[in-house]
Amino acid sequence: MHLTDTHCHLDYHKFNADRAEVIQRANDAGLIRLLVPALQHKSSKEAVLLAEKYSSVYAAVGFHPTDLEEFNQKNFEEVKALANHPKVVAVGEIGIDYYWVKEKDKREFQREVLKQQLNFAKEINKPVILHMREENDAWFGEASVDLLNILEEWQKSLTGSLKEKPGVLHSFNGTLETAQKGLDLNFYIGVSGPVTYKNADKKREIIRQLPLDKILVETDSPFLSPVPVREKRNEPSYILHIADRIAEIHSKTTAEIAQITTSNAALLFGWGD
Ligand SMILES: [Zn+2]
């Protein structure tokens, strides 16, 4: 059985003590590819270094909406240069986060930076990894509306394979309506640990209604540990618990979910089958 973790922050300090073992455990558990998204220019560099060191690791580069203190043209140029690396498969994670950022001008800056990064992704013809996962942002209100409007505009300007496969709404935490809009814009939906939570029936109902060929699995390690390891630091090998749950929801076997989501990820990120 082959699995792919499309979102794990392996550069994070919580993995400093045992990063090699974590990646080995992931490989032993059947994970053939691990995608490490960046938070800003420093972690973009870290992600690329990890991709160079470990054959199963791939990288994304970009600025996360809550990490924009050091966003400037010089650092953005640095990120752009890294994006030429053959193991950089996406721009991310980028997006909108109004939950942690309340100030009006900072929110405006988030949108501005997001647009710049979307344009960059279009220039280099690579998909994007989108962040909008905090409860209040994802379920209702301004953040969803603003993000979807910006994505809709961007999608109109795309052509070719990027138009068909523009990216993923990572760790999706929104309504069925938001998911549907994302699907209408050809985005994939990333499913993570919360699908396993005891009180997540609504979320499972939404995931039941998603087409399997648009689902990706991800751990978002070291965050969002799934049941039954919710008290532990999350790591890619725990993705099996997420695949198990999706299998149950969609009346498939875990092996089928592993195969489908691995081939979905290969299609989106273009790293072979
Ligand atoms: Zn993340």
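The values are calculated or read from the model by the stated rules, or taken from the named source; none is laboratory data. What you see is a predicted model; the values in this text were computed from it and never measured. Here the Cβ positions follow ideal geometry from the backbone for every residue, glycine too, while neighbour counts run over all protein chains shown.
Descriptive notes on the structure:
- Single residue of LEU68, LEU34, LEU82, LEU49 found to be more than 20 Å from GLU218 (Cβ to Cβ) and touching a Ser or Thr at 6+ places or on another chain (Cβ under 6 Å): LEU82
- Matching entry among ALA265, ALA247 (being crowded, with 20+ Cβ neighbours inside 10 Å and at pLDDT 95 or above): ALA265
- Residue that is farthest from PHE269 (Cα to Cα), among those in the stretch 28-82 that are modelled with pLDDT of 95 or more and hydroxyl-bearing (Ser, Thr, Tyr): SER43
- Cβ separations smaller than 7 Å between residues 6+ apart or across chains give the following pairs from the stretch 169-186 residues that are away from the ligand (no atom under 16 Å from the Cβ) to residues that are part of a loop (DSSP other than H, G, I, E, B): LEU176/GLN209; ALA179/PHE172; ALA179/LEU210; LEU185/PRO166; ASN186/LYS165; ASN186/PRO166.
- Residue count for the stretch 99-125 under the criterion of being within 19 Å of the chain's Cα centre (by Cα), away from the ligand (no atom under 16 Å from the Cβ) and surrounded by fewer than 21 Cβ atoms within 10 Å (Cβ to Cβ): the result is 9.
- Odd one out for ALA17 among (1) among the small types (Gly, Ala, Ser); (2) touching a residue at least 24 places away in the same chain (Cβ under 8 Å); (3) closer than 18 Å to PRO222 by Cβ: (2)
- Test: GLN73 is touching an Asp or Glu at 6+ places or on another chain (Cβ under 6 Å), at negative phi and free of Cβ contacts under 8 Å to residues at least 40 places away in the same chain: no
- Total residues in the stretch 90-125, condition of a type outside the set (A, V, I, L, M) and in contact with a Pro (Cβ under 6 Å, 6 or more places away or on another chain): 5
- All positions within the stretch 1-57 that are within 14 Å of the chain's Cα centre (by Cα) and more than 16 Å from the ligand (Cβ to nearest atom): ARG33
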